[in-house]
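Structure record follows, encoded as structure tokens.
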Amino acid sequence: MAKDTRLEDAVMSGELSVFDFCCEKVEGQMERMKEKNPDLLWTLQIQYDMWHQVRDAHANGKKLVFFGGPVPVDIIVAFDCVPVYLDTVPIRLSPNPVLTGKFIDAAEKYVPPTTCGLCKTYLGTLVEDQYGVEADAFVYSSVPCDSSRVVYPNMARMMNVPSFGFDQPFRRDERGLEYLVDQTEQFVAFMEEFTGHKLDWDVMKETMKNANRTYELQGKCADLRKHKPCPLPGRMLVMNGTSNAMSCYPEMGNLLEKELETGEMMIELGISPCPDGEKHRVALLQNMLWSFSGAMDWMEREYGAITVMDAFGYQHGEIYEHMDDRHDCFRTIARKMENSPMIHGAAGPTENYIYLVDKIFTEYEPDVSIFLGHIGCKHTWASAKIITDMIQDKYGIPSLYLDVDGIDGRYKTHDEITGALGQYFDTVVNK
Amino acid sequence: MDYQKLFEPEVTGEAIKAWRGQGKKALGFICCHVPVEILHALEIMPVRLRATGCAESPDGDAWMSTFSCSYARGMLQYWLSGKYALDGIVTSDGCMMSARCFDNAKHVDEKNNIGKFFFQIGAPRKTGSLELRYYINELKDLIEKLEELSGNKLTDEKLKASIAKYNEARELMRQVLELRKAENPVISGEDALAIALKSCDYTVEEFIALLKAFLADAKNRVPITDKRARLMIVGSALDNPGYLKVIEDKGGLFVADALCYGSRPFNHVMDVDEKDVLGSVAKYYLTRIVCPRMMDNREELQKWVTETAKEYRVDGVVYEKMQYCECWGGESMFLEPMLKDAGIPILTVEREEHLANAGQLAIRAEAFIEMIEKED
């Protein structure tokens, strides 16, 4: 039976917006899952909640704050605005190279082809005017990379809505932390002016409590992955990305609670997601391969190789401790921004990246090291030799370098990717 | 004084050798947010690193991968191969490519126990008072480290003297750049870039002496009358005058630029507040418009390019984008329409550090010049 591509076709022709597509797509997936696998419905619920709250925000009388890079989402939510994390759009579209390609091609009229696919996709969606909702404000940061530094301010100008930019310090130290705290105070003033309301600290405390729950659970899920065999599939690492947008909503905690329960059950039963048992533990040294997350299933199936952790870096998030102390809370927010995935490892000095990868090898004990290098992430490529030399010297593990485009699936076919991975397993890992 | 060496763009190391021969330190620096006045005031020779003439970069490629900008790889190649005999590198976080050039140079140094001086300061990407305060504190850290390295103490008086010296160089360079406004300038774009490059690895005193000699003789130079179009060049770090020569050989004449190795660092003199000399230095470096690494003054940069193009009566702009340079790569989104609104045609070209595509560039330049040249 031919695949039903009506939704994709409607996006391609410009008749359907991206957010409508995301909503309708997840609705269809949930319908099918209700029939075939109702026990796993929880894996989709968070997507359902996220896309619908964005699409319906204006109908629900809420303002939409688009954001890029690490910004204080907890504050946006405390002002009763709906945060829209730009990265979620390309990540959601990336499994379909034709759809992603439409927006990437649109963006390449304005930015070089070497710009990161994430940036190109959300810029292209704006160029094509296909978000389907209008941003009321735009908040962005000077990280993670040169691509975003170009694209975020350009998008702010295109949107022509109130905007706020955070300047992330390059190094992580006390001065940088207080610098971000000061900017957070400026941001609160910006939000107060934008919404016409003062920040209600009681509401802020609620968002902080939710965020704490999310990151405590995320830490526990990460810890489960240290177990041998690793109880959770590599694919589930992809879902961590949602927490950037949703950590301060209870729904994110609910998802992680289910993930934790599942992982604990797998440990109890001694089951691995690898059908023939766990033979290898893989560390991915860069971002997720969103355009082909099935590569992780494939490694599990073909080589018993489970991805235990990635250097995208969701392990233990920052926790608010003294919620009545505004300055202390803003310091936590600053640390969250500094330690946000893609930022803490890759956007600062290479020392941070070494620290993160070293921690993965110490704590998760992988025996396979793969640098699935997203080509848009040039600054991680430029650190890769330092990182892989460290892994070789300290852990005696050689690394596979494979260039991929984490978003634009046209760059390499699935067969090319699995072919290269397979050769590596056959000729190096299982030699 | 013979000023001919102003037109020799190669990295020679001659001035560096002489300086270090006196037992003094010389440091390389990357990007435009390291205040050279501070180094100079501490009797450290600042040498802006570049990759001029780097035709291949095997070590740079190995460390940074070929997914990185070839200019940054070229600088790393020169550093690792010993082309620069310096005591270390100071940098700010310009773009991620230059930051990684620094990281790899430092890593190799540490790995091999060489023990050179490496220091990095953070340079904000916004220009407000909060950002200025942060930057001043970063500069204070830099000063402390450089005082240790040089054994000298920085005072306001020393800093003011250095500022005066660099302001003199900026003023003389302004006079050089003014020559390009003439109907028939006595200096080509290739020569103007070569002169600016000389400031990278000569002491400011030598540079000033050369500029003075050149300006004294400028009136005796033969005006350039055989060119068909006045051009401006904008874009990524360009430290190879030969690139401009290819285009000028086809009938263009570069009379203006927005290049960080060209006129950009010389466009303003530094105003000094006697009560806050370091603050003056910080304000100057943070607010001067050099490249699109900043987040909040990009429109100003674009307006500056457009106004300069008008002021120098250019017939067209050549916009060169280094492969993997996202900063300049994406700047065209608003700059192009702004230039087009001003009636200024643009030729966009992609390039690498080494001049690999000269033939193709020449063909495209010739076509562009034919398109924009004005009939007398």
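The values are calculated or read from the model by the stated rules, or taken from the named source; none is laboratory data. If you're wondering where the values come from, they're calculated on a predicted model, not measured in any experiment. All Cβ positions, glycine included, derive from the backbone under ideal geometry; neighbour counts span all protein chains shown.
Name the residues in region B:316-366 that are touching a Lys or Arg at 6+ places or on another chain (Cβ under 8 Å) and charged (D, E, K, R), would you?
B:GLU320, B:LYS321, B:GLU326, B:GLU331, B:GLU350, B:ARG351, B:GLU353, B:GLU366 - these are the residues of region B:316-366 that are touching a Lys or Arg at 6+ places or on another chain (Cβ under 8 Å) and charged (D, E, K, R).
Condition first: within 23 Å of the chain's Cα centre (by Cα) and not in a helix (DSSP H, G or I). Now tell me which residues in region A:8-35 satisfy that.
A:SER17
Would you tally the residues in region B:215-257 being surrounded by fewer than 23 Cβ atoms within 10 Å (Cβ to Cβ), more than 17 Å from the chain's Cα centre (by Cα) and in a helix (DSSP H, G or I)?
9
What tally of residues in region B:82-116 results from selecting those that are under 22 Å from the mean Cα position of the chain (by Cα) and either over 26 Å from B:PRO292 (Cβ atoms) or within 12 Å of chain A (Cβ to nearest Cβ) (or both)?
Keep residues of region B:82-116 that are under 22 Å from the mean Cα position of the chain (by Cα), which gives B:82-105.
This time we only want the ones that are either over 26 Å from B:PRO292 (Cβ atoms) or within 12 Å of chain A (Cβ to nearest Cβ) (or both), so: B:82-88, B:91-105.
Count: 22.
Would you mind stating whether A:ILE370 is of a type in the set (A, V, I, L, M, F, W, C), closer than 30 Å to A:ASP426 by Cα and within 21 Å of the chain's Cα centre (by Cα)?
yes
Would you confirm, using the coordinates I've provided, whether A:ALA78 is farther than 24 Å from A:ASN240 by Cβ and either surrounded by fewer than 19 Cβ atoms within 10 Å (Cβ to Cβ) or not polar (S, T, N, Q) (or both)?
So A:ALA78 does not fit the description; no.
Within region B:117-139, restricting attention to residues that are closer than 30 Å to B:GLY23 by Cβ and within 10 Å of another protein chain (Cβ to nearest Cβ), which residue is farthest from the chain's Cα centre (by Cα)? Spell out how you get there, then give the answer.
In the first step, residues of region B:117-139 are kept if they are closer than 30 Å to B:GLY23 by Cβ; the result is B:117-121, B:138-139.
Add one more test, that the residue is within 10 Å of another protein chain (Cβ to nearest Cβ), and what stays is B:120-121, B:138.
Values: B:GLN120: 19, B:ILE121: 18, B:GLU138: 22 Å.
Taking the candidates together, the pick is B:GLU138.
In region B:316-335, which residue that is in a helix (DSSP H, G or I) and either of a type in the set (Phe, Trp, Tyr) or at pLDDT 95 or above (or both) is surrounded by the fewest Cβ atoms within 10 Å (Cβ to Cβ)? Don't jump to the end; show me each part of the working.
Residues of region B:316-335 that are in a helix (DSSP H, G or I), as a first pass: B:326-329, B:332-335.
Subsequent filtering for residues that are either of a type in the set (Phe, Trp, Tyr) or at pLDDT 95 or above (or both) retains B:328, B:334-335.
Working: B:TRP328: 26, B:PHE334: 18, B:LEU335: 25.
For region B:316-335, the residue satisfying everything is B:PHE334.
Go over the candidates B:ARG50, B:ARG73, B:ARG20 one by one and state the one that is of a type in the set (Lys, Arg), within 28 Å of B:ALA358 (Cα to Cα) and more than 14 Å from chain A (Cβ to nearest Cβ).
On the way: B:ARG73 fails: more than 14 Å from chain A (Cβ to nearest Cβ); B:ARG20 fails: within 28 Å of B:ALA358 (Cα to Cα).
After ruling out the rest, the residue left standing is B:ARG50.
Specify the residue that is surrounded by the most Cβ atoms within 10 Å (Cβ to Cβ); the eligible residues are those in region A:145-172 that are at the interface with chain B (Cβ under 9 Å from one of its Cβ atoms) and part of a loop (DSSP other than H, G, I, E, B).
Going through the qualifying residues, I end up with A:GLN168.
Here are some conditions: (1) in contact with a Ser or Thr (Cβ under 8 Å, 6 or more places away or on another chain); (2) not assigned by TED's automatic domain parsing to the domain that holds A:ALA59. A:GLY196 meets all but one. Which one does it not meet?
Evaluating A:GLY196 over (1) in contact with a Ser or Thr (Cβ under 8 Å, 6 or more places away or on another chain); (2) not assigned by TED's automatic domain parsing to the domain that holds A:ALA59 leaves (1) as the failure.
Taking the residues in region B:258-295 that are within 18 Å of the chain's Cα centre (by Cα), part of a loop (DSSP other than H, G, I, E, B) and among the charged types (D, E, K, R) as candidates, determine which candidate is farthest from A:ASP167 (Cα to Cα).
The extreme case among them is B:ARG288.
Among the residues of region A:275-291, is any at pLDDT 95 or above, surrounded by fewer than 21 Cβ atoms within 10 Å (Cβ to Cβ) and on the phi > 0 side of the Ramachandran plot?
Yes: region A:275-291 contains one or more residues that are at pLDDT 95 or above, surrounded by fewer than 21 Cβ atoms within 10 Å (Cβ to Cβ) and on the phi > 0 side of the Ramachandran plot.
Going through A:ASP358, A:ASP415, A:ASP393, A:ASP408 one at a time, which residue ends up being in a loop (DSSP other than H, G, I, E, B) and more than 9 Å from chain B (Cβ to nearest Cβ)? Outline the logic, then answer.
Values: A:ASP358 fails: in a loop (DSSP other than H, G, I, E, B); A:ASP415 fails: in a loop (DSSP other than H, G, I, E, B); A:ASP393 fails: in a loop (DSSP other than H, G, I, E, B).
Step by step, each of A:ASP358, A:ASP415, A:ASP393, A:ASP408 is checked, and only A:ASP408 is in a loop (DSSP other than H, G, I, E, B) and more than 9 Å from chain B (Cβ to nearest Cβ).
With the structure loaded, tell me whether B:LEU193 is more than 30 Å from A:LYS385 (Cα to Cα), in the same structural domain as B:LEU259 (by TED's automatic domain parsing) and part of a helix (DSSP H, G or I) or whether it fails that test. Before the answer, list the steps.
Numbers: more than 30 Å from A:LYS385 (Cα to Cα): yes; in the same structural domain as B:LEU259 (by TED's automatic domain parsing): yes; part of a helix (DSSP H, G or I): yes.
Judged against the criteria, B:LEU193 is a match.
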